[in-house]
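The values are calculated or read from the model by the stated rules, or taken from the named source; none is laboratory data. Only a predicted model underlies this, so the values are computations on that prediction, with no experimental measurement involved. A quick note on method: Cβ atoms are made from the backbone with ideal geometry, for glycine too, and the neighbour counts reach across all protein chains shown. With ligands, DNA and RNA removed, areas are computed over all heavy atoms of the protein, side chains included. Shrake-Rupley method; radii C 1.70, N 1.55, O 1.52, S 1.80 Å.
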Amino acid sequence: CAVKAAHVLSEIAKNEEMKKPCIEADLVLTLTPFLESTDQEMLLHAGRAIGRICYDNRSLQEELVKVGVIPSLVRILTDYAESEPLVHVALLALYNLADLDSAKEALSMTKVAEQLVKQLRRAESHERLEIVFEVLQALAENDALKVQLVDAGVPEVLSEILLRLQGSSQAEDMCIVKAASDLIVSLLLGGTKARARLIANFTKEMVRLVILYPSKMESHGLLLISESELLKRDGNCLRMFQLGVVHQLLDLLEKQVRSGDTSVQQAALSALQSLAVPVVSKVQMLEEGVAERIEALLRSESPPVQFKLLGTLRMLADGQADAAELLGQDPLLLNRLVQWCSVSEPSGICGEANRLLASILHHNRSQEVVKAIQAAQGVKHLVSMTTSEHAAMQNEALKALAIASAIDLETLEEPFKESQLVQSLHKLLQDDNTSPEVKYNSMGLLCRLLNSGDLRQEIEEDKIKDTLERLCSHSNANVVKEAITTLQVLGGET
């Protein structure tokens, strides 16, 4: 009579008022051993009864996990994968238990990921897909299970499902699309190991879906590509280029600049910025005309997008003379940069525009670029940048101006005098709060300026020699060394 008794209990447990008597009668622990039965009818009724009694009762659910119900549920999914009723019962039970940390730990010791992938592939109804997604979503909160889900092929199945539903406007299909999108995002967030596996095994179709599918993936899914630590590995960047990700990102950006979705624009620019870090990527981007396409996006009026855009271009110019020359000879870009260098709000735009100008000068080796930046009235902003409250920006400006002076001091002589560069450098050297590196770079620039007769005269009239002599007893050895060198140049030594 056990099967019939289990059937009766499963019906009784449907009634909310009968749950308490079932619990008091200790029926849950009595029924649990029957989950090891080979009788499918017994498994069905015992599973339903336990699920209904324990629904929304955390202490009972914890007790179930403790007595080993998890391996039994995975066994049901494995042994009876073709039985719709049994699979449904097992999935519902997993759905109710999966939020528990103890259940996740127990599931990480099983092959549940493989079984859930099988159920995703064979699911025909929206209801079945939704419940499998719910279980997967809960499991994806655990890093160990996240790796198992990736290894078991969950991303590939999600790709197949999304491709199948692409273009559908039916409400049920859109619910599945959202659930699949949310699950991809969960796999991307946290868990470096899982993200690394995703990067290593990403299919072209999956990249396209993450970037282009009109869902939550569009902004959040770009986290995969903008994970800087992963993308700093040259091999991963090359793989992204081979998959055509960069131009897909730019297509997306161009579309979003027109429609005005700034969250997606920022996410795509973050991804591009990360892809522009390795040297191999910069070369590839230049060869594929990426710099010109990024420049075309300057029409965006969104400050956060402008900020990211400037940072991406600066990253692209870093260490690349070709990129610096390309950017430094574009009058439209330079004029826009100079405009941004003058804005007071938001301050981040002004700072990033100045940093890009400095980067172009620093990495450039062309007189034409120096002339173009001066023609755009950009030099005075770089001189102002030497007195920034941020030492990093001061050093960037000082190094850029020193390199530009070595390339074409004649062009810069007049704007240097107008902007009182010599006097600014003297103040930096006199100020005890100026960092040693800024003092060092200030003297490096002074040595370049001494090649101009007019600027040398200003340096002598401003009595910088006295300050340099005091710096010869500075506590920093590099500052002392540079002060001695600058005094020698000032005295006419080469």
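Just one of 89, 28, 69, 65 is out of contact with any Ser or Thr (no Cβ under 9 Å at 6 or more places or on another chain), farther than 20 Å from residue 133 by Cα, in contact (Cβ under 8 Å) with a residue 12 or more places away in the chain and surrounded by 14 or more Cβ atoms within 10 Å (Cβ to Cβ); which is it?
On the way: 89 fails: farther than 20 Å from residue 133 by Cα; 69 fails: out of contact with any Ser or Thr (no Cβ under 9 Å at 6 or more places or on another chain); 65 fails: out of contact with any Ser or Thr (no Cβ under 9 Å at 6 or more places or on another chain).
Being out of contact with any Ser or Thr (no Cβ under 9 Å at 6 or more places or on another chain), farther than 20 Å from residue 133 by Cα, in contact (Cβ under 8 Å) with a residue 12 or more places away in the chain and surrounded by 14 or more Cβ atoms within 10 Å (Cβ to Cβ) holds for just one of 89, 28, 69, 65, which is 28.
Okay, residues lined up against (1) at pLDDT below 95; (2) under 30 Å from residue 343 (Cα atoms); (3) surrounded by fewer than 18 Cβ atoms within 10 Å (Cβ to Cβ); (4) not aliphatic (A, V, I, L, M):
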{"site": "388", "(1), (2), (3), (4)": "yes, yes, yes, yes"}
{"site": "442", "(1), (2), (3), (4)": "no, yes, no, yes"}
{"site": "446", "(1), (2), (3), (4)": "no, yes, no, no"}
{"site": "461", "(1), (2), (3), (4)": "yes, no, yes, yes"}
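Looking at residue 126 and the list (1) crowded, with 18+ Cβ neighbours inside 10 Å; (2) farther than 21 Å from residue 40 by Cβ; (3) not β-branched (Val, Ile, Thr), which single condition is not satisfied?
That leaves (1) as the condition not met.
What single numbered condition from (1) at pLDDT 95 or above; (2) in contact with a helix residue (DSSP H, G or I) (Cβ under 6 Å, 6 or more places away or on another chain) fails to hold for residue 365?
(1)
Within segment 467-494, how many residues turn out to be part of a helix (DSSP H, G or I) and open to solvent by less than 50 Å² (accessible area, probe 1.4 Å)? Reasoning before the result, please.
Keep residues of segment 467-494 that are part of a helix (DSSP H, G or I), which gives 467-471, 477-490.
Cutting the leftovers down to open to solvent by less than 50 Å² (accessible area, probe 1.4 Å) gives us 467-468, 471, 479-480, 482-483, 486-487, 489-490.
The number of residues fulfilling the criteria is 11.
Are any residues in segment 164-196 at pLDDT 75 or above and more than 25 Å from the chain's Cα centre (by Cα), and if so, which ones?
164, 165, 168, 169, 170, 171, 172, 173, 174, 175, 176
Determine whether residue 429 is closer than 15 Å to residue 468 by Cβ and in a helix (DSSP H, G or I). Before the answer, list the steps.
Numbers: closer than 15 Å to residue 468 by Cβ: yes; in a helix (DSSP H, G or I): yes.
Taking the combined requirement at face value, the residue satisfies it.
Can you tell me how many residues in segment 345-378 are over 17 Å from residue 298 (Cβ atoms), open to solvent by 30 Å² or more (accessible area, probe 1.4 Å) and within 28 Å of the chain's Cα centre (by Cα)?
So the count comes out to 4.
Just need a number here: residues in segment 53-62 that are open to solvent by 70 Å² or more (accessible area, probe 1.4 Å) and either within 23 Å of residue 86 (Cβ to Cβ) or touching a strand residue (DSSP E or B) at 6+ places or on another chain (Cβ under 7 Å) (or both). Steps first, answer last, please.
The initial filter retains those residues of segment 53-62 that are open to solvent by 70 Å² or more (accessible area, probe 1.4 Å), namely 55-56, 58-59.
Right, trim to either within 23 Å of residue 86 (Cβ to Cβ) or touching a strand residue (DSSP E or B) at 6+ places or on another chain (Cβ under 7 Å) (or both) and you get 55-56.
Number of matching residues: 2.
Among the residues in segment 20-41, are any of a type in the set (S, T, N, Q) and either at pLDDT below 90 or not assigned by the TED database to the domain that holds residue 85 (or both)?
To start, the set of residues in segment 20-41 that are of a type in the set (S, T, N, Q) comprises 30, 32, 37-38, 40.
Cutting the leftovers down to either at pLDDT below 90 or not assigned by the TED database to the domain that holds residue 85 (or both) gives us none.
Checking segment 20-41: not a single residue is of a type in the set (S, T, N, Q) and either at pLDDT below 90 or not assigned by the TED database to the domain that holds residue 85 (or both).
Is there a residue being acidic (Asp, Glu), closer than 19 Å to residue 355 by Cα, open to solvent by 10 Å² or more (accessible area, probe 1.4 Å) and not in a helix (DSSP H, G or I) anywhere in segment 279-290? Before you say what the answer is, go through the steps one by one.
To start, the set of residues in segment 279-290 that are acidic (Asp, Glu) comprises 287-288.
Pick out the ones that are also closer than 19 Å to residue 355 by Cα and you get none.
No: zero hits.
Just to be sure, is residue 107 out of contact with any Leu (no Cβ under 6 Å at 6 or more places or on another chain), within 17 Å of residue 53 (Cβ to Cβ) and surrounded by 18 or more Cβ atoms within 10 Å (Cβ to Cβ)?
No: the conditions fail for residue 107.
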